[in-house]
Amino acid sequence: MEETQKGRYKFVKVRECPKEIKEFIASKFQGRVLNLCCGTWPCGHINVDIKTSGSALNGNKIIQADIFKDKLELGEKFDTVFSDPPWNWPYNIRADFHNIVAHHLKQGGVFILNAPWLPRSLFFDLKEVYAIYRFSGLPANASLISIAEYTGRDL
Ligand SMILES: C[S@@+](CC[C@H](N)C(=O)[O-])C[C@H]1O[C@@H](n2cnc3c(N)ncnc32)[C@H](O)[C@@H]1O
C-alpha cells in the first residue's frame with residue numbers, strides 16, 4: 001500500500017483504480033500514447049494533468065496543464081489517447097473534451113476512455129465497450145472502458 005510521510009503524519013492511499021483494471025487498459029494501447037488527465041498514473045508517453053502529483057514511468061514526460069485553458073502544443077498526433085477524466089463532467093464539457101481528444105489523434109488512432117459515459121461523437125466510431133465485473137457477479141466499477149476509433153472527421 002502506498003504511503004507518504006509528512007512530518008508527524010503518514011498518508012496511506014486507501015482507494016485507487018485496481019491494478020488489474022489498469023493492466024487491462026494498458027493492454028489496449030497502440031503506438032505512441034497521450035494520457036490526458038493522467039492523475040497519479042502517468043502510463044503514456046506524454047501525460048497531462050492539471051496538477052503533476054504523479055512520478056513519470058520510464059522517463060516519459062508529464063506536463064502540467066488545464067486541457068481546456070492551456071493550448072497544448074505537443075507537436076505530434078498520437079496513435080492512442082487514453083483518458084480517465086473526472087466522471088462528473090457535465091454533457092457540454094464532455095463534448096469539448098472529445099474535441100480536444102480528436103485534435104491530438106492521428107486518423108484511425110484509438111481513443112480509450114474510462115468513464116461512466118460513452119464517447120458518442122461525430123469524431124469517433126465506437127468499437128468496443130467493457131463493463132467490469134467481479135467474479136462474484138457484482139459490478140466492480142462505476143465506469144465503462146470504451147475503445148473508439150478517430151474517423152478523421154472534423155467539425
Ligand atoms: C479520475 S482522476 C484520474 C485518475 C488517474 N487515472 C489515476 O489513477 O490517478 C481525473 C484527473 O483529471 C485531472 N483533471 C481534472 N480537470 C482537468 C483539466 N481541466 N485539465 C487537466 N487535467 C484535469 C485531475 O487532476 C485528476 O488527476
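The residue that is nearest to the ligand (Cβ to nearest atom), among those in region 72-113 that are touching a residue at least 40 places away in the same chain (Cβ under 8 Å) and over 18 Å from ILE46 (Cβ atoms), is PRO86. The residue that is modelled with the highest pLDDT, counting only those in region 74-97 that are surrounded by fewer than 21 Cβ atoms within 10 Å (Cβ to Cβ) and either closer than 14 Å to ALA148 by Cβ or touching a Gly at 6+ places or on another chain (Cβ under 6 Å) (or both), is ASP79. One residue alone among VAL101, VAL129, VAL110 is modelled with pLDDT under 95 and either on the phi < 0 side of the Ramachandran plot or part of a helix (DSSP H, G or I) (or both), and that residue is VAL129. Mind listing just one residue for me: the one in region 43-55 that is surrounded by 15 or more Cβ atoms within 10 Å (Cβ to Cβ) and more than 7 Å from the ligand (Cβ to nearest atom) and, of those, farthest from GLY152 (Cα to Cα)? Among residues in region 43-55 that are surrounded by 15 or more Cβ atoms within 10 Å (Cβ to Cβ) and more than 7 Å from the ligand (Cβ to nearest atom), the one farthest from GLY152 (Cα to Cα) is THR52. Selection of region 64-73 for residues being modelled with pLDDT under 95 and surrounded by 15 or more Cβ atoms within 10 Å (Cβ to Cβ) yields only LEU72.
Answer yes or no as to whether GLY152 is assigned to a loop (DSSP other than H, G, I, E, B) and modelled with pLDDT under 75. No. Counting the residues of region 56-71 that are closer than 24 Å to PHE24 by Cβ, within 15 Å of the ligand (Cβ to nearest atom) and free of Cβ contacts under 8 Å to residues at least 12 places away in the same chain gives 0.
Regarding region 2-12, can at least one residue be identified that is within 14 Å of the ligand (Cβ to nearest atom), hydroxyl-bearing (Ser, Thr, Tyr), at pLDDT below 90 and out of contact with any Phe, Trp or Tyr (no Cβ under 6 Å at 6 or more places or on another chain)? No. When we screen LEU74, LEU36 for residues that are more than 15 Å from the chain's Cα centre (by Cα) and of a type in the set (A, V, I, L, M, F, W, C), the only hit is LEU74. State whether one or more residues within region 19-37 are in contact with an Asp or Glu (Cβ under 9 Å, 6 or more places away or on another chain), of a type in the set (Gly, Ala, Ser) and surrounded by fewer than 12 Cβ atoms within 10 Å (Cβ to Cβ). Scanning region 19-37, I find at least one residue that is in contact with an Asp or Glu (Cβ under 9 Å, 6 or more places away or on another chain), of a type in the set (Gly, Ala, Ser) and surrounded by fewer than 12 Cβ atoms within 10 Å (Cβ to Cβ), so the answer is yes.
The values are calculated or read from the model by the stated rules, or taken from the named source; none is laboratory data. Source: prediction; values computed, not measured. Virtual Cβ from ideal backbone geometry, glycine too; neighbours counted across all protein chains shown.
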